[in-house]
């Protein structure tokens, strides 16, 4: 199995941070991708990343690379936000393209169930969206939102190494169960 992991956004993407500025979303995304890459490699999975290091690669380059390399699945890791101030919105949600394949839907459900079960996060469900990384990929693709940066409790979790590792383990388990 060959998987492409995508740390959503880039280190300097405007507005993608906690309301207090303590964490940029990319810090979480990139850390989880690193842990997830190790988990999957240890299980014999070939793992590629859409943009190694701290480069912010345009979305079309990420999807073009995934398509060119003919990966079996594309997984984009994110931390969510509701507005730009602290609020009570919580939970985990996983997205597929609005015209997703059956395999994308199965993968999304597997990830959503595993993440919520292992992290005990609120299950906001599998949803559909017209995100470029989902629409422009030719393989099963999902975008995972692992919690809300705009919720103080979840922001603290998103900043913790333990939670990042838990997310990676849950997603790895789900990918392996899917295939």
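Just the residues that are surrounded by fewer than 23 Cβ atoms within 10 Å (Cβ to Cβ) and part of a helix (DSSP H, G or I), please, taken from segment 156-179. Those that are surrounded by fewer than 23 Cβ atoms within 10 Å (Cβ to Cβ) and part of a helix (DSSP H, G or I): 156, 157, 161, 162, 163, 165, 166, 169, 173, 176, 177, 178. Being over 20 Å from residue 34 (Cβ atoms) and either crowded, with 24+ Cβ neighbours inside 10 Å or modelled with pLDDT of 95 or more (or both): is that true of residue 142 here? Against the criterion (over 20 Å from residue 34 (Cβ atoms) and either crowded, with 24+ Cβ neighbours inside 10 Å or modelled with pLDDT of 95 or more (or both)), residue 142 does not qualify. For segment 76-112, what are the residues that are touching a residue at least 60 places away in the same chain (Cβ under 8 Å) and in contact with a helix residue (DSSP H, G or I) (Cβ under 7 Å, 6 or more places away or on another chain)? Passing the criteria: 76, 77, 78, 79, 86, 90, 106, 107, 110, 111. Within segment 145-155, the set of residues being over 13 Å from the mean Cα position of the chain (by Cα) and crowded, with 17+ Cβ neighbours inside 10 Å comprises 149, 150, 151, 154, 155. So which residues in segment 92-104 are over 16 Å from residue 171 (Cβ atoms) and touching a strand residue (DSSP E or B) at 6+ places or on another chain (Cβ under 6 Å), if there are any at all? Scanning segment 92-104 gives a single hit, 98. Within segment 23-50, the set of residues being without any contact (Cβ under 8 Å) to a residue 60 or more places away in the chain, surrounded by fewer than 18 Cβ atoms within 10 Å (Cβ to Cβ) and not in a helix (DSSP H, G or I) comprises 44, 46, 48.
Only a single criterion out of (1) modelled with pLDDT of 95 or more; (2) surrounded by 17 or more Cβ atoms within 10 Å (Cβ to Cβ) is not satisfied by residue 100, namely (1). Within segment 90-105, the residues that satisfy the criterion of being within 14 Å of the chain's Cα centre (by Cα) and over 13 Å from residue 76 (Cα atoms) are 91, 92.
For every residue, the table says whether it meets (1) part of a strand (DSSP E or B); (2) under 26 Å from residue 61 (Cβ atoms).
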site: 103; (1), (2): no, yes
site: 107; (1), (2): no, yes
site: 112; (1), (2): no, no
site: 117; (1), (2): no, no
site: 128; (1), (2): yes, yes
site: 133; (1), (2): no, yes
site: 147; (1), (2): yes, no
site: 150; (1), (2): no, no
site: 154; (1), (2): no, no
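Checking each residue in segment 52-73 for being closer than 25 Å to residue 157 by Cβ and either under 15 Å from the mean Cα position of the chain (by Cα) or buried (at least 18 other Cβ atoms within 10 Å of the Cβ) (or both) picks out no residue at all.
The values are calculated or read from the model by the stated rules, or taken from the named source; none is laboratory data. The model shown is predicted, which means the values in this text are computed figures rather than measured ones. Don't worry about glycine lacking a Cβ; one is built from the backbone with ideal geometry, like all the others, and counts go over all protein chains shown.
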